[in-house]
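Here is the structure we will look at, set down as C-alpha cells.
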Amino acid sequence: MEQLAKLVDDGAFYEAHQHLNTLIFRHMRGKRYTKAFDLMKSTIEKFVEVKQIRSAGDISRDLIENYDRANIPPEEWLETLSELTKLFDKSTVQFGEDLHKEALKQLVEIMQHAMFKASHGDAPVPAALHTLVAQAYHAQGSLPLALEHYLLGDPALESIVRLTVDWAKRCPAEADLVLTRTVLRMLADERRRITGASSVYRKFCQTFPGDTESGSPPGLLPPRATVAATPLTNFTAMLLKLVRMANKGDVESATPLFQHLLETYGPELGRDESFADEIQRISKIYFKIMPAPAGGLQGMLSSLFGM
C-alpha cells in the first residue's frame with residue numbers, strides 16, 4: 001500500500017494502476033475480498049483527487065466486476081455506488097467544466113456497467129440502483145434515459161419534477177408536451193402511480209418559469225401556477241381527474257368521459273406519437289378498454305372509438 005501511495009504521489013499513475021491490479025489479483029485469489037474492495041475504493045478516491053478521472057473510472061468498473069465475482073448481491077453495491085456518485089459528480093466541479101464533464105461520462109459508464117451486471121443475475125434489479133443510474137444520466141444531461149430509470153426506481157418525487165423542469169427548459173415552447181409525457185408515463189405504470197403523477201403535475205405547474213402574462217386563460221391549472229394554460233395542460237388535468245374516478249371504482253361513468261376527452265384532444269395528442277402507447281396502457285389499466293393493436297395515435301383512437 002505504501003508503494004502504491006508513493007507511485008501516485010510521484011505522478012507515476014500508470015505504474016500505480018498496474019501495481020494496484022497486482023495487489024487486487026492476489027487479494028481476490030486469496031478471497032480477501034474486504035481488503036481488495038477497500039484498497040480499490042481508497043485508490044479511486046486518490047486518483048480523483050489527483051484528477052486522473054479516467055483511471056478512477058476504470059478502477060470503479062473493475063470494483064463492480066469484483067463484487068460480481070465475489071457473489072456480492074447488487075443490493076450490497078448500493079452504498080459504494082452512492083459514494084461514487086458523490087465523488088465523480090460533486091467533488092469534481094472544482095476541477096473545471098471539461099474535467100467535470102469527463103467525470104460525469106465516467107459515472108454514467110460505471111452505472112451502466114453496474115446495471116449490466118445486476119440485470120444478468122437471478123434477482124430483479126434493485127429499484128435503488130435504477131434511481132442511481134437515473135441520477136447519473138440526469139447529471140450528464142441525458143434526460144430521456146434519466147426519466148426511464150427514475151420511473152423504474154424509487155426516487156423522491158422532487159427528482160422527477162426537477163428532471164421534467166430541466167427538460168422543459170431546453171424547449172420552453174413545448175413545456176406542456178414535456179409535462180404531459182412525464183404524467184402519461186407515470187400513469188401507464190402498472191403500479192398505478194396516480195398520487196405521484198398528480199403531485200408532479202401540480203409541482204411542475206407551480207415551479208416552471210412559464211409565461212403567465214401571455215393572456216392564456218387559467219384553464220385547469222392548480223393554484224399559484226407559474227405556467228400558462230394550454231390545451232395539453234388542460235387535457236392532463238382532466239385525465240388525472242378521470243383516472244382518479246376510475247381508480248375509485250366508478251369505471252362506468254369515467255370511461256365515456258375518457259373517450260370523449262381523447263376525441264376532443266386528439267389533434268394535440270398527435271404532437272407526440274409516443275403518447276399512443278402510453279394512452280393504450282392507461283386505457284387498459286384504468287378503463288378496462290382493450291384497444292386492438294394499430295399503428296400510431298390515429299390507429300389507437302380508431303380502435304378505441306370503432307372508427
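Picking from residues in the stretch 77-95 that are over 17 Å from Gly141 (Cα atoms) and at pLDDT below 95, the one that is surrounded by the fewest Cβ atoms within 10 Å (Cβ to Cβ) is Gln94.
Considering only the stretch 41-59, how many residues are buried (at least 23 other Cβ atoms within 10 Å of the Cβ) and out of contact with any Phe, Trp or Tyr (no Cβ under 8 Å at 6 or more places or on another chain)? So the answer is 2.
Sort out which residues of the stretch 81-132 are assigned to a helix (DSSP H, G or I) and over 19 Å from the mean Cα position of the chain (by Cα), and write them in order of number. Scanning the stretch 81-132 gives Leu87, Ser91, Thr92, Val93, Gln94, Phe95, Glu97, Asp98, Leu99, His100, Glu102. Are any of the residues in the stretch 244-256 crowded, with 18+ Cβ neighbours inside 10 Å and under 25 Å from the mean Cα position of the chain (by Cα)? There is no residue in the stretch 244-256 that is crowded, with 18+ Cβ neighbours inside 10 Å and under 25 Å from the mean Cα position of the chain (by Cα). I'm trying to understand the selection: among the residues of the stretch 9-24, which are small (Gly, Ala, Ser) and part of a helix (DSSP H, G or I)? Ala16, the sole residue that qualifies. Does Asp10 qualify as being under 22 Å from Lys86 (Cα atoms), surrounded by fewer than 16 Cβ atoms within 10 Å (Cβ to Cβ) and not polar (S, T, N, Q)? The answer is no for Asp10. Check whether at least one residue in the stretch 11-20 is closer than 26 Å to Ala118 by Cα, free of Cβ contacts under 8 Å to residues at least 40 places away in the same chain and in contact with a helix residue (DSSP H, G or I) (Cβ under 9 Å, 6 or more places away or on another chain), and report yes or no. Checked against the condition, which is being closer than 26 Å to Ala118 by Cα, free of Cβ contacts under 8 Å to residues at least 40 places away in the same chain and in contact with a helix residue (DSSP H, G or I) (Cβ under 9 Å, 6 or more places away or on another chain), the stretch 11-20 yields at least one hit.
Among the conditions (1) part of a helix (DSSP H, G or I); (2) farther than 23 Å from Ala173 by Cα; (3) at pLDDT below 95, Gly249 misses just one, which is (1). Taking the listed residues Lys6, Lys51, Lys41, the one that is within 29 Å of the chain's Cα centre (by Cα) and either more than 30 Å from Pro124 (Cα to Cα) or in a loop (DSSP other than H, G, I, E, B) (or both) is Lys51, with no other qualifying. Among the conditions (1) in a helix (DSSP H, G or I); (2) farther than 16 Å from Asn66 by Cα, Ala36 misses just one, which is (2).
Only one of the listed residues (His120, His130) is without any contact (Cβ under 8 Å) to a residue 60 or more places away in the chain, surrounded by fewer than 16 Cβ atoms within 10 Å (Cβ to Cβ), within 18 Å of Leu78 (Cα to Cα) and in the same structural domain as Pro73 (by TED's automatic domain parsing). That residue is His120. In the stretch 50-70, the count of residues that are over 15 Å from Leu4 (Cβ atoms), modelled with pLDDT under 95 and of a type in the set (Val, Ile, Thr) is zero.
The values are calculated or read from the model by the stated rules, or taken from the named source; none is laboratory data. Predicted, not measured: the structure shown is a model, and the values here were computed from it. Here Cβ is always computed from backbone atoms with ideal geometry, including for glycine, and neighbour counts include all displayed protein chains.
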